[in-house]
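Notes to accompany the following structure.
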Amino acid sequence: MDTQPQEIVQPADEWKREQGLHGAELSIQDDAVAEVTPPIDTNPTDPSPFRDERPGWQGYIEWEKYPEKKAEAAAILAKHKFPPPPEFQMGPIPDTNPVLEGVRWKLWHKAIGGDLWSVPEESWLRVVQEKHKDMLHLLDFPYNGEAPKRLITAKPITPNPLHFVRNHGGIPNISAEDFFLELDGLVNEPKKLTLATLQNEQIFPRMKMTVTIQCSGTRRIEQINEYAGEGDEMINAPWAEGAIGTAVWEGVSLKKVIKYCGGLAEGGKHLEFYGADSYFKQGNLMNYVVSVPWSKVKANEVMLAWSMNGEPLPKIHGFPLRAVVFGYIGARSCKWLYRIKAISEPSRAPVQSREYLYFNQQVGKHNQAYTKGIQIQEMPVSSAIMEPWNKQVVVHNGNIRVKGWAYSGGGRWPERVEVSADGGFVWYEVPPENLSKKHKFAWRTWHVDLPLDAEGWTELTVRCWDNALNTQPTFVRSAWNWGLHVTSSCHRVKIYSVNKSKPDTAARLKEFEERGTPFVPLSRPTEFRVQSDEDYEKYWQTHDPRDVDD
């Protein structure tokens with residue numbers, strides 16, 4: 001699969017340019033044609049109980065089965081004072097790529113030592129090896145990255161190197177030959193299954209599905225620009241529109257695997273997923289743990305996947321095995337899946353019970369409680385404009401090219417996409433032939449030539465209607481919440497319209513070109529007179545003066 005576009009020299013502040021935060025640096029779209037790391041007194045060569053759990057499972061330390069190990073790790077972390085997470089909501093966002101550095105997360109690993117010592121460096125190596133060179137690294141560790149706008153919707157199926165990554169810890173390096181999946185808890189016949197067993201078609205029929213995975217933080221920067229929200233120690237990255245991707249996943253239905261284990265025992269209503277990465281939360285260490293209800297599994301909407309777009313899972317995306325939960329928030333699609341436990345209620349693990357919560361707008365730092373938030377599962381309908389960019393000058397002949405994506409979770413799909421050139425008063429439907437193929441659990445990419453006569457600043461807006469006729473809130477204020485999750489409002493992009501079909505505009509653009517004077521940055525003063533004395537006097541010979549005598 002070809003994933004290498006034409007060579008483009010990408011500036012370090014590409015992400016801020018795409019968001020219009022460096023609007024003065026934007027080129028014209030022409031449609032007419034770190035902190036200092038404190039020392040940690042831990043030596044990786046010292047004897048340490050924090051070692052890889054199994055041979056061939058590099059970077060995996062089991063925490064959930066050993067409460068005493070958790071307590072020892074918490075005691076070590078309590079001895080140190082770590083720097084706060086970087087401030088990017090109330091202060092400036094750095095002009096760097098990576099945008100943010102996970103200093104405290106790196107220091108936590110160094111403080112624990114043992115086989116966690118080298119995890120930050122090894123994880124970054126996976127980024128370099130497996131992701132596209134132009135990825136926008138929002139957080140270097142744990143790695144959070146999205147593709148640049150020009151590549152997000154270039155293809156309806158996202159190439160593996162361009163698929164977004166939202167990791168919660170380091171990236172384990174697990175051998176397929178040494179791997180096995182443990183199934184226990186409220187199942188009638190607990191088992192340990194090797195990857196080869198799961199891939200044996202005599203036992204488990206194969207499953208292949210086109211599925212979009214979306215982070216609940218997609219378009220978070222819009223909420224931040226409206227009001228600051230929760231500053232999680234995880235560092236809730238300032239995602240733009242790229243925390244979404246679509247792949248053809250292959251594996252086996254979890255329903256079939258549970259059946260192979262004799263089905264659920266009495267009281268089994270939820271499946272808890274355990275990831276091999278180490279997760280830090282409020283001074284404690286644990287494995288990444290989430291859950292989904294049995295009803296979701298029973299509907300054949302949870303896959304245990306080992307293939308992504310016809311290739312083995314990249315390590316950064318969960319090799320050798322991950323969950324893919326159709327239509328749900330990406331956080332439920334647990335990577336480096338090594339254990340599935342049947343339980344009676346939703347997981348009480350922090351990622352499930354204390355994070356990814358959707359709060360009422362009157363809930364904040366002053367009164368927040370976990371039970372005041374709705375646990376986010378199915379993703380609502382949403383959409384975004386990938387081209388043009390916010391605060392970009394667009395030269396056109398009465399129509400502008402607009403491109404983007406639309407998605408709805410929970411087994412619903414985009415049925416209609418509408419785009420407005422005036423902030424949402426008049427909507428134009430994207431022709432059905434300009435939308436990518438329809439899938440039950442996937443996005444649709446789209447493009448449209450949008451009529452636009454007006455010149456100067458205007459606001460492009462997009463909204464999607466899914467097959468249940470759900471659509472999006474009109475303004476980001478309606479979607480804002482303390483956790484800054486699920487920015488489902490209509491996506492808005494302010495552009496400066498230059499309509500070349502108008503004679504005066506065409507003449508002025510020609511004058512800029514002949515003088516060799518750049519038109520952008522837009523706010524830079526024009527370096528020549530915009531009207532001659534002769535034209536000025538001629539005008540007043542045929543028009544009333546500014547003031548009159550009677």
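One table, with the values for the structure above:
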item	result
Sorted peptide list for 468-481, 143-156, 292-305, criterion being average Cβ within 10 angstrom, highest first	143-156, 292-305, 468-481
Using θ = phi - 60° and Karplus 6.51 cos²θ - 1.76 cosθ + 1.60, couplings along the stretch 170-183 (whole Hz; Gly, Pro as x)	x, 10, x, 10, 10, 6, 4, 5, 8, 6, 8, 10, 9, 10
Relative packing of 308-316, 72-80, which averages over residues the other C-beta atoms within 10 Å, highest first	308-316, 72-80
Tail weight of P(r) past 15 Å, computed on alpha-carbon pairs of the stretch 105-158, percent	55 percent
Karplus (6.51, -1.76, 1.60) ³J(HN,Hα), θ = phi - 60°, over the stretch 498-505, in Hz, Gly and Pro reported as x	10, 8, 6, 6, 8, x, 5, 5
Calculated over the stretch 426-522: convex hull of Cα atoms, volume per residue (Å³)	168 Å³
Coil-residue GluC sites (Glu not before Pro) of the stretch 172-233, DSSP, other Cβ within 10 Å capped at 11	Glu177, Glu201
Sites Tyr370 and Val520, calculated FRET efficiency, Cβ-Cβ separation with R0 56 Å, nearest 0.05	0.70
Qualifying trypsin sites (Lys or Arg not before Pro) in the stretch 359-449, DSSP loop, other Cβ atoms within 10 Å at most 13	Lys365, Lys437, Lys438
Normalised convex hull volume, the chain, alpha-carbon set, Å³ per residue	192 Å³
Interchain or long-range residues, amide H under 5 Å from Asp277's placed H	Tyr288
Sparse-neighbour loop sites [chymotrypsin sites (Phe, Trp or Tyr not before Pro); the stretch 513-550; at most 11 other C-beta within 10 Å; DSSP]	Phe528
In Hz, Karplus ³J(HN,Hα) per residue of the stretch 56-61 (6.51, -1.76, 1.60; θ = phi - 60°; x = Gly, Pro)	x, 10, 5, x, 9, 10
Cβ-based net charge around Leu264, under 14 Å, with every Lys or Arg adding one and every Asp or Glu removing one	+3
Per-selection Rg to Rh, the stretch 130-181 - Cα, Kirkwood hydrodynamic radius	1.07
Structure-based [θ]222 nm, the chain - -39500 (n - 2.57) summed over DSSP H runs of at least 4, per residue, nearest 500	-4500 deg cm²/dmol
Distance (nanometres) between label positions extended 7 Å along Cα→Cβ at Thr505 and Ser344	6.8 nm
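Read the figures in this text as sums done on the coordinates, not as results from a lab. Computed from a prediction, not measured in an experiment: that's the story for all the values here. Neighbour counts are summed over all protein chains in view; Cβ atoms, including those assigned to glycine, are modelled from backbone coordinates with ideal geometry.
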